[in-house]
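Notes for the one structure printed next.
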Amino acid sequence: MAANGSNAIDILKADHREVEHLFAQFDAADGDAHAQAELASRIGQALAIHAELEESLLYPRLLKTEKGEEEVDLVCEATVEHGTLHGLIADMNGRDPSDPMVKARVVVLKEYVKHHVREEEKELFPKVEKSDLDLDAIGAEMQELRRSLESQVDGGAGGTLIHVTEVSH
């Protein structure tokens, strides 16, 4: 998603734009169960990878370097939001895309993501950019971890992180 040499914030913002684009494609595919199933899977995979990057490489370091109550609260809230997102993604796994609950979960997921992105980009990321964290080094680690996670999704160990099953009628 992000270009080589990007810092951590650039990578995460690029992820946000990509997921927003996938949600728009999902909305545009209304009535096409096959396309929506594929897009729901792609949304779930993109969010799962994005969350792993933040949870593994950014949030713990921010908590170690920033002792301000506001920063700690923002990271804790983001972590709770990730838990909710993981639950919604897991609930879509293996479902018939014609099930109205799949679309409902994607709609709720979209609203959660919109809220999460707004908080991160307006509140958390500006604090991260002012911190002593080496965002270029973290960005390089994120790119390496992303490659590893994507290779698992692309048919390595574990297959896909999420798959909405298409059921023919």
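Would you confirm, using the coordinates I've provided, whether GLY31 is in a helix (DSSP H, G or I), out of contact with any Pro (no Cβ under 9 Å at 6 or more places or on another chain) and not aromatic (Phe, Trp, Tyr)?
Working: in a helix (DSSP H, G or I): no; out of contact with any Pro (no Cβ under 9 Å at 6 or more places or on another chain): yes; not aromatic (Phe, Trp, Tyr): yes.
Judged against the criteria, GLY31 is not a match.
Looking at the range 117-125, is at least one residue under 19 Å from ALA8 (Cβ atoms), within 18 Å of the chain's Cα centre (by Cα) and of a type in the set (Phe, Trp, Tyr)? Quick ask: steps written out before the conclusion?
As a first pass, look at the range 117-125 and keep what is under 19 Å from ALA8 (Cβ atoms): 117-125.
So of that shortlist, the ones also within 18 Å of the chain's Cα centre (by Cα) come out as 117-125.
From the residues that got through so far, the ones that are of a type in the set (Phe, Trp, Tyr) too are 125.
Checking the range 117-125: at least one residue is under 19 Å from ALA8 (Cβ atoms), within 18 Å of the chain's Cα centre (by Cα) and of a type in the set (Phe, Trp, Tyr).
So is LYS103 part of a helix (DSSP H, G or I), touching a helix residue (DSSP H, G or I) at 6+ places or on another chain (Cβ under 9 Å), more than 27 Å from ASP136 (Cα to Cα) and basic (Lys, Arg) or not?
For LYS103, the condition - part of a helix (DSSP H, G or I), touching a helix residue (DSSP H, G or I) at 6+ places or on another chain (Cβ under 9 Å), more than 27 Å from ASP136 (Cα to Cα) and basic (Lys, Arg) - is met.
Inside the range 92-122, can you point out the residues that are of a type in the set (Asp, Glu) and surrounded by fewer than 19 Cβ atoms within 10 Å (Cβ to Cβ)?
Of all residues in the range 92-122, those of a type in the set (Asp, Glu) come to 96, 99, 111, 119-121.
Correct list: ASP96, ASP99, GLU111, GLU119, GLU121.
Kindly check whether there is at least one residue in the range 136-145 that is of a type in the set (Val, Ile, Thr) and either surrounded by 16 or more Cβ atoms within 10 Å (Cβ to Cβ) or not in a helix (DSSP H, G or I) (or both).
Within the range 136-145 (the criterion being of a type in the set (Val, Ile, Thr) and either surrounded by 16 or more Cβ atoms within 10 Å (Cβ to Cβ) or not in a helix (DSSP H, G or I) (or both)), the answer is yes, since at least one residue qualifies.
Tally up the residues in the range 128-169 that are over 16 Å from LEU57 (Cα atoms) and either of a type in the set (A, V, I, L, M) or modelled with pLDDT of 50 or more (or both), please.
12
Scan the range 23-40 for residues that are under 17 Å from the mean Cα position of the chain (by Cα) and either surrounded by fewer than 17 Cβ atoms within 10 Å (Cβ to Cβ) or acidic (Asp, Glu) (or both) and report the count. First the steps, then the outcome.
Here is the first cut: in the range 23-40, the ones under 17 Å from the mean Cα position of the chain (by Cα) are 23-26, 38-40.
If we keep only those that are either surrounded by fewer than 17 Cβ atoms within 10 Å (Cβ to Cβ) or acidic (Asp, Glu) (or both) too, we end up with 24-25, 38.
Residues flagged as under 17 Å from the mean Cα position of the chain (by Cα) and either surrounded by fewer than 17 Cβ atoms within 10 Å (Cβ to Cβ) or acidic (Asp, Glu) (or both) within the range 23-40 amount to 3.
Hey, among ILE43, ILE11, which residue is of a type in the set (A, V, I, L, M), under 22 Å from SER98 (Cα atoms) and either under 14 Å from the mean Cα position of the chain (by Cα) or not in a helix (DSSP H, G or I) (or both)?
The match here is ILE43.
Does the range 5-22 contain at least one residue that is loosely packed, with under 14 Cβ neighbours inside 10 Å and farther than 26 Å from VAL107 by Cα?
yes
The values are calculated or read from the model by the stated rules, or taken from the named source; none is laboratory data. Note that this is a predicted model, so its numbers are computed, not measured. Neighbour counts run over all protein chains shown; Cβ positions are idealised from the backbone, glycine included.
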